[in-house]
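Take a look at the structure below.
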Amino acid sequence: MKYVLGMTAALALSLMVVPAASAEPDFATIELTKVSGWTGPEGGFWSTRGGMPNARQKFDVDIRNVAGHGEQGLDLFISFPTDRLDVTGYAGDGWNCWDVNEGVGAEGIRCTQDHAVEDRQAWPKLTVETKAFSIWTQETIDVYAEADGHAEVHAEQWFVIDTST
């Protein structure tokens, strides 16, 4: 009986999940917020009408440093299907952005930011403006953030381009 109890205790201990000593917590948080041209509840799908000639959709990308110390510089990749959403502009203090189309899953915009940001502070907000094409779509906007020496951080926002009449 003592042997069975000992084996049971050893098995129970071996099933405990222990985080790896080298696991690094995320260095930043990412929040996407609809600004204009999008509808839908907070935390749910964003929706917009596709193919409207002068309609534009804007969203903000807010990134906060939670590394536990100051950081300088940030690289972003904002991924979405460029055959469904066309980037018509981006704005934000100190942001340098350019369009990329390196194949499926590697299309959208890349941006860099050189501001120094203290722990628990945010980098300047980035606003992205798009134009939705007249193609029904259910997809995600994915944001990947990197800073020197840190693992990449990711956030996503599901969206729908509605083409119904």
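Calculated FRET efficiency, residue 75 to residue 118, Cβ-Cβ distance, R0 = 22 Å: about 0.70 to the nearest 0.05.
Approximating the spin labels as points 7 Å out from Cα along Cα→Cβ, the residue 100-to-residue 35 distance works out to 2.1 nm.
Per residue, the accessible area of segment 20-165 comes to 52 Å² when a 1.4 Å probe rolls over the protein heavy atoms. The order of the peptides 75-83, 96-104 by mean Cβ neighbours within 10 Å, most packed first, is 75-83, 96-104.
The values are calculated or read from the model by the stated rules, or taken from the named source; none is laboratory data. These numbers were taken from a predicted model, which means no experiment stands behind them. Neighbour counts run over all protein chains shown; Cβ positions are idealised from the backbone, glycine included. The protein model used for the area step is the full one, side chains on, heavy atoms only, and it has no ligands, DNA or RNA in it. Shrake-Rupley method; radii C 1.70, N 1.55, O 1.52, S 1.80 Å.
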